């Protein structure tokens, strides 16, 4: 039995479509949404929060998982990242209020205060630039933080940029681009090589 | 867990590995030799009185190497040594793992070549057996195979560190993107992308051999083939697979490497390999190979498979009624002489109460000594009680399968 962890939220539909097209398992969002754990023809599908997928895979409770690259940036786990699944594309960007004098990295003050849900990715990005930064870890409504003066800038995910515009925020740099990835547990790859390779091949095939 | 440790060390001693005690604190610069930057960062550090930085050991191979080059300097090589002890690492990741872990390991210092490699792998497999693990598997690979692939790749020099980093992070999406930029699609290129899947029986060596075009990888494949033959001769056909795609610290390992996996656990239980460069750092150059077993993970696997409780095994609980105390003392003494773990009750009990006491203790047998010529004997969890003379009970229990 192979178990697959798939994320709730925006990647759920794409994940289920991919598993269906690859002929792995055919599940509707309602079916899995009601039960969280479905066993079907030798495949066990577990539905977990996007940020929890790496944990399920790293500890081996799921052999493979589908996770946004944005979640993998935040995880220090020991999984294998095998395939770029292409869907769920979004960008991790730096944004400031419209009225702010800040533009690209060259204009930033000696120490920048940044609010984000993506602490690790932000830290690595700032280190790459040699920019000193105070990172304020936030858990929601990140767009609000610069508007009330909590931070100079935010690092956040955006797909269309609409939420940013609605909150009068302007993008000044890109930290990275995220898509859904197929990850695998290191021991599962060794103890169930054939089954996992077959799954990977079918998923690659379904990507076209 | 202690039982598992004893079983592992006993197996190592049977193979002629001598137990050594190594320090828990070492100078940071010494410990750092065997570790990559990330592992160095995770060590717990403290300051010595003279201002030098000490660290709590995060693994015990380096302390063993220091011992071989230091106080065992006069001992002739090869040396076979084993050890057990706690290690501390600080894992700042998102999961709060335990800081302290327990490792049991063996090192064969001063011997190079496939016979030594195979011996250490065979010992690792036998240790997993001895610990009571029913299903396990050991994957054997070679660090030079990967380094050869990297040499053979038509890759700009400035990209090589990135390729190594992507592989160290097991990020094959990034690896694919890096290799897509190379001018030639070589066989090495293909092999790198298929890295996690280069696993199987001896056939994988031929398959890979047909593809590689560099001496370094070819030599690695030849060595692996020889080690695999020797492992078969050790009687370890089914337990061993070949894994050309195992990803480890390639700066440290210099030859055959291996990892042991158990069921129901997402991480390797045992890890080891050849590290011919380490001893030289301490002034006594010598080839070396060895492995260690993560005792905590092993305990977890055994617990999941229902093989063991939390405490060590007890063989016999000896209970007594007032008239039988002196006979009970003599009986417990004889049992211990035969190597059994015997607990003597501290207060008198009737037989029925003694059966409950045995169950609470978790001992395999109960003996109840009254004033009469026989003792009551109950084995296992059943309540059936036999009555035999004391000497006969001792003789029965002392039988190997008794």
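The values are calculated or read from the model by the stated rules, or taken from the named source; none is laboratory data. These numbers were taken from a predicted model, which means no experiment stands behind them. Here the Cβ positions follow ideal geometry from the backbone for every residue, glycine too, while neighbour counts run over all protein chains shown.
Some observations on this one:
- Odd one out for residue A:39 among (1) assigned to a helix (DSSP H, G or I); (2) touching a strand residue (DSSP E or B) at 6+ places or on another chain (Cβ under 9 Å): (1)
- The condition of being in contact (Cβ under 8 Å) with a residue 40 or more places away in the chain and in the same structural domain as residue B:113 (by TED's automatic domain parsing) holds for only one of B:274, B:267, B:248, that being B:274.
- When residue A:75 is tested against (1) at pLDDT below 90; (2) surrounded by fewer than 20 Cβ atoms within 10 Å (Cβ to Cβ), just one condition goes unmet, and that condition is (2).
- Strands (runs of 3 or more DSSP E) contained entirely in the range B:287-391, each with at least 2 residues that are touching a helix residue (DSSP H, G or I) at 6+ places or on another chain (Cβ under 7 Å) and surrounded by 18 or more Cβ atoms within 10 Å (Cβ to Cβ): B:288-294, B:314-320, B:342-344, B:363-369, B:374-379
- Elements of type helices (runs of 4 or more DSSP H) contained in the range A:82-184, each with 2 or more residues being within 30 Å of residue A:4 (Cα to Cα) and not assigned by TED's automatic domain parsing to the domain that holds residue A:17: A:119-129
- Some residue of the range B:141-163 being assigned to a helix (DSSP H, G or I) and within 14 Å of chain A (Cβ to nearest Cβ): yes
- Odd one out for residue B:126 among (1) surrounded by fewer than 21 Cβ atoms within 10 Å (Cβ to Cβ); (2) out of contact with any strand residue (DSSP E or B) (no Cβ under 9 Å at 6 or more places or on another chain); (3) part of a helix (DSSP H, G or I); (4) within 14 Å of chain A (Cβ to nearest Cβ): (4)
- Test: residue in the range B:181-200 that is at pLDDT 80 or above and either surrounded by fewer than 15 Cβ atoms within 10 Å (Cβ to Cβ) or not assigned by TED's automatic domain parsing to the domain that holds residue B:220 (or both): no
- Taken as a whole, the structure leaves residue B:155 outside the set of residues that are modelled with pLDDT under 80, buried (at least 21 other Cβ atoms within 10 Å of the Cβ) and under 29 Å from the mean Cα position of the chain (by Cα).
- Of everything listed in (1) surrounded by fewer than 21 Cβ atoms within 10 Å (Cβ to Cβ); (2) in contact with a strand residue (DSSP E or B) (Cβ under 9 Å, 6 or more places away or on another chain); (3) in a helix (DSSP H, G or I), the single unmet condition for residue B:8 is (1).
- Restricting attention to the range A:48-72, the residues that are surrounded by fewer than 19 Cβ atoms within 10 Å (Cβ to Cβ) and either in contact with a strand residue (DSSP E or B) (Cβ under 6 Å, 6 or more places away or on another chain) or more than 11 Å from every other protein chain (Cβ to nearest Cβ) (or both) add up to 1.
- Some residue of the range A:147-170 being within 14 Å of chain B (Cβ to nearest Cβ), touching a strand residue (DSSP E or B) at 6+ places or on another chain (Cβ under 7 Å) and modelled with pLDDT of 90 or more: no
- Number of the condition not met by residue B:132 [criteria: (1) in contact (Cβ under 8 Å) with a residue 24 or more places away in the chain; (2) more than 30 Å from residue B:303 (Cβ to Cβ)]: (2)
- There is at least one residue in the range A:35-47 that is surrounded by fewer than 23 Cβ atoms within 10 Å (Cβ to Cβ), touching a residue at least 40 places away in the same chain (Cβ under 8 Å) and on the phi > 0 side of the Ramachandran plot.
- Exactly one residue out of B:295, B:242, B:279 is within 14 Å of chain A (Cβ to nearest Cβ) and in contact (Cβ under 8 Å) with a residue 60 or more places away in the chain, and it is B:242.
- In the range A:18-30, residue nearest to residue A:48 (Cα to Cα) [restricted to those that are touching a helix residue (DSSP H, G or I) at 6+ places or on another chain (Cβ under 9 Å) and surrounded by fewer than 13 Cβ atoms within 10 Å (Cβ to Cβ)]: A:28
- Scanning the range A:103-117 for residues that are touching a strand residue (DSSP E or B) at 6+ places or on another chain (Cβ under 6 Å) and crowded, with 20+ Cβ neighbours inside 10 Å turns up A:112, A:114, A:115, A:116.
- Residue match in the range B:189-198 (condition: more than 32 Å from the chain's Cα centre (by Cα) and assigned to a helix (DSSP H, G or I)): yes
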